[in-house]
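The values are calculated or read from the model by the stated rules, or taken from the named source; none is laboratory data. Just so it is clear, the structure is predicted and the values come from calculations on it, not from any experiment. Positions of Cβ are generated from backbone atoms using ideal geometry, with glycine treated the same way; all protein chains shown enter the neighbour counts.
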Amino acid sequence: MKKSIIALLLTAGVFGAAQAATDADVENSFNPYKSGFPTYPGLNPGVTINKANADQFKEILGAAVYKLVKEGNFDIKVGATTNFAMNKAYVAATKANLNKAKLGAKPGEITGYVAGRPFPEEPDVNDPRAGEKLAWNFRNGLNWGDNAAVTMYWKYRNMETGREERRVKMDIHMLNFKHRVSQAPIPEVTPNPSQIFRGTYLKVAEPNDVRNTQLLLQRYEDDLKMDDAYLYLGFQKRVRRMATGQTTDAFLGSEMMIEDFEGYNGRISDMKWTFKGKKLVLLPMWNHNELQLSDEFKDPDGFKYISFGGQGSCFHTGTWQLRKVYVLEAAPINPNHPVSKRVFYMDAQLGSMNGANEIYDRKGDLWKVLMVGKSHADHHLPENKGMGIGADDGFTIVDVQAKRCTTAQFKGRVDPKLSPAEMFQVQYMRGNE
């Protein structure tokens, strides 16, 4: 009798037994608002959330965002929830490869993955590996598409005084070598003897003391293989391999770690992933061309960057919208890691997890908050129209303990000509003064 009950429970999925995903799961994953956009009492486009009414909306604010608003550091302007329709080729790849991806015996192992979203089914809190599946969805997602080139202005600020202490201009390029779906070459860049999954290349243009600093990150298809990271310092005129621990150091003196790039720039196997549940949360997402933009930078193409305000001019001024999110917690495996955990509010539609990240120090206290603002690609640069991504428009990362922030304003382009494969090799750094 006991065995029969256990078998029945397993069949019902009470213990998190995996169920085969269906086309309906894919539809729900990429179009969570097909039955209507979410609502919340008193929340309408045009409403401003500030320290006076923050408690009224606490339930739909990330914990750290609520803290910052409640303390009067910035106000949130509410915009309408909109449909960020995903890249059609990526959705088609998800359907074509449904149920092929399987988790391996330990975190960081996956088999059968070809392209698209590997686990489009709704996550289950009773599934002990649901968090890991969401992490794979992020890793193999389309944060910038198959490739991108982004010009960025970083500002380092004293949050209490608003004093700008440093400004750095840089260009960053990303290229997916494998599992490509929308831009040639498809499905992968060849030759690729090292089996690199994704490359990231960064070069500093200003100021002069760090000009020509270059960073190259190579993430491998095998998640259990350590990433390779290389740094080129212009004044030394040589490339050096970075030690693993340096990815959690302050990058160029900012509040940002290399591990913070794109929300999380580490391996799946570096963390213990826990799915904490789903909820409705406000995230910084907007239509770029409808914002009040900055006239500060005189871009030769006439592009205008997002603006910042709030305490210390540390907060982007774009609108936030109510979104379905998956709350995901990542705790480092390495006990010497400077972070005790990261909390992500993962946008269910885009699969991105950089909208309102919370970073906690070793003691478990809130340390930093990373808020990346995303624009709908159809309301951004003309060349990004129809790309089916959320275009990163800029970020703020606030050190709530030191009362400092680093802000960034982006001009991102999805153009394969700007990120050729040779750019992501060490030899390119040596010859790119």
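Could you grab me the full set of residues in region 168-191 that are touching a residue at least 60 places away in the same chain (Cβ under 8 Å) and over 22 Å from the mean Cα position of the chain (by Cα)? Across region 168-191, the qualifying residues are Ala184, Pro187, Val189. Just one of the listed residues (Ile389, Ile397) is touching a helix residue (DSSP H, G or I) at 6+ places or on another chain (Cβ under 6 Å) and either among the basic types (Lys, Arg) or on the phi < 0 side of the Ramachandran plot (or both), and it is Ile389. Summed over region 168-212, residues that are hydrophobic (A, V, I, L, M, F, W, C) and assigned to a strand (DSSP E or B) total 10.
In this structure, is Arg166 over 22 Å from Thr396 (Cβ atoms) and in contact with a Phe, Trp or Tyr (Cβ under 9 Å, 6 or more places away or on another chain)? No.
The one condition from (1) assigned to a strand (DSSP E or B); (2) in contact (Cβ under 8 Å) with a residue 12 or more places away in the chain that Glu165 does not meet is (2).
Here region 104-152 is the region considered, the condition is being small (Gly, Ala, Ser) and in a loop (DSSP other than H, G, I, E, B), and the residue that is surrounded by the most Cβ atoms within 10 Å (Cβ to Cβ) is Gly116. Selection within region 230-246: residues that are modelled with pLDDT of 85 or more and farther than 10 Å from Met429 by Cβ. The member of this set that is surrounded by the fewest Cβ atoms within 10 Å (Cβ to Cβ) is Ala243.
Only one of the listed residues (Phe303, Phe315, Phe308) is of a type in the set (Phe, Trp, Tyr), surrounded by fewer than 23 Cβ atoms within 10 Å (Cβ to Cβ) and under 20 Å from Trp154 (Cβ atoms). That residue is Phe303.
Among the criteria (1) crowded, with 20+ Cβ neighbours inside 10 Å; (2) at negative phi, the one His179 does not fulfil is (2). Say whether the condition of being among the basic types (Lys, Arg) and at pLDDT below 95 is met by at least one residue in region 280-302. Yes, that holds for at least one residue.
Leu215 fulfils the conditions (1) surrounded by fewer than 20 Cβ atoms within 10 Å (Cβ to Cβ); (2) among the aliphatic types (A, V, I, L, M); (3) part of a strand (DSSP E or B) except for a single criterion, (1). For first residues located in region 294-315 and in contact (Cβ under 8 Å) with a residue 60 or more places away in the chain, partners that are assigned to a loop (DSSP other than H, G, I, E, B) and β-branched (Val, Ile, Thr) and lie 6+ apart or on another chain with Cβ distances below 9 Å form the pairs Ser294/Ile306; Ile306/Thr317; Phe308/Thr317; Gly309/Thr317; Gly310/Thr317; Gly312/Thr161. Do the conditions hold for Thr82, that is, is it among the hydroxyl-bearing types (Ser, Thr, Tyr), in contact with a Lys or Arg (Cβ under 8 Å, 6 or more places away or on another chain), modelled with pLDDT of 95 or more and surrounded by 13 or more Cβ atoms within 10 Å (Cβ to Cβ)? No, not satisfied. In region 362-401, the residue that is nearest to Ala63 (Cα to Cα) out of those that are of a type in the set (Gly, Ala, Ser) and part of a loop (DSSP other than H, G, I, E, B) is Gly364.
Which is touching an Asp or Glu at 6+ places or on another chain (Cβ under 7 Å), within 24 Å of Ala85 (Cα to Cα), in contact (Cβ under 8 Å) with a residue 60 or more places away in the chain and not basic (Lys, Arg), of Ala135, Ala149, Ala115? Spell out how you get there, then give the answer.
Values: Ala135 fails: touching an Asp or Glu at 6+ places or on another chain (Cβ under 7 Å); Ala115 fails: touching an Asp or Glu at 6+ places or on another chain (Cβ under 7 Å).
Sole residue among the options that is touching an Asp or Glu at 6+ places or on another chain (Cβ under 7 Å), within 24 Å of Ala85 (Cα to Cα), in contact (Cβ under 8 Å) with a residue 60 or more places away in the chain and not basic (Lys, Arg): Ala149.
Can Ala20 be described as part of a loop (DSSP other than H, G, I, E, B), farther than 30 Å from Pro284 by Cα, among the hydrophobic types (A, V, I, L, M, F, W, C) and modelled with pLDDT of 80 or more? Show your work before the answer.
Numbers: part of a loop (DSSP other than H, G, I, E, B): yes; farther than 30 Å from Pro284 by Cα: yes; among the hydrophobic types (A, V, I, L, M, F, W, C): yes; modelled with pLDDT of 80 or more: yes.
Yes; evaluated as a whole, the condition is true for this residue.
Residue check: Gly355 meets all listed conditions (1) at negative phi; (2) modelled with pLDDT of 95 or more but one, namely (2). Going by the structure shown, is Glu262 under 24 Å from Gly79 (Cβ atoms), under 22 Å from the mean Cα position of the chain (by Cα) and not hydroxyl-bearing (Ser, Thr, Tyr)? Answer is yes for this residue.
Quick check on Thr94: is it assigned to a loop (DSSP other than H, G, I, E, B), among the β-branched types (Val, Ile, Thr) and at pLDDT 95 or above? Walk me through it before giving the result.
On the way: assigned to a loop (DSSP other than H, G, I, E, B): no; among the β-branched types (Val, Ile, Thr): yes; at pLDDT 95 or above: yes.
Here the answer is no, as Thr94 does not meet what is asked.
The set of residues in region 191-236 that are over 30 Å from Gly108 (Cα atoms) and hydrophobic (A, V, I, L, M, F, W, C) comprises Val204, Ala205, Val210, Leu233, Phe235.
In region 223-262, of all residues being assigned to a loop (DSSP other than H, G, I, E, B) and of a type in the set (A, V, I, L, M), the one that is farthest from Lys155 (Cα to Cα) corresponds to Leu224.
Screening region 318-352 for residues that are among the aromatic types (Phe, Trp, Tyr) and within 19 Å of Asn137 (Cα to Cα) and picking the one that is surrounded by the most Cβ atoms within 10 Å (Cβ to Cβ) gives Phe344.
A quick yes/no check of all residues on (1) in contact with a Cys (Cβ under 7 Å, 6 or more places away or on another chain); (2) within 25 Å of Glu71 (Cα to Cα); (3) among the small types (Gly, Ala, Ser):
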residue: Lys279; (1), (2), (3): no, yes, no
residue: Leu283; (1), (2), (3): no, yes, no
residue: Trp286; (1), (2), (3): no, yes, no
residue: Lys304; (1), (2), (3): no, no, no
residue: Ser313; (1), (2), (3): no, yes, yes
residue: Thr319; (1), (2), (3): no, yes, no
residue: Tyr326; (1), (2), (3): no, no, no
residue: Pro338; (1), (2), (3): no, no, no
residue: Ser352; (1), (2), (3): no, no, yes
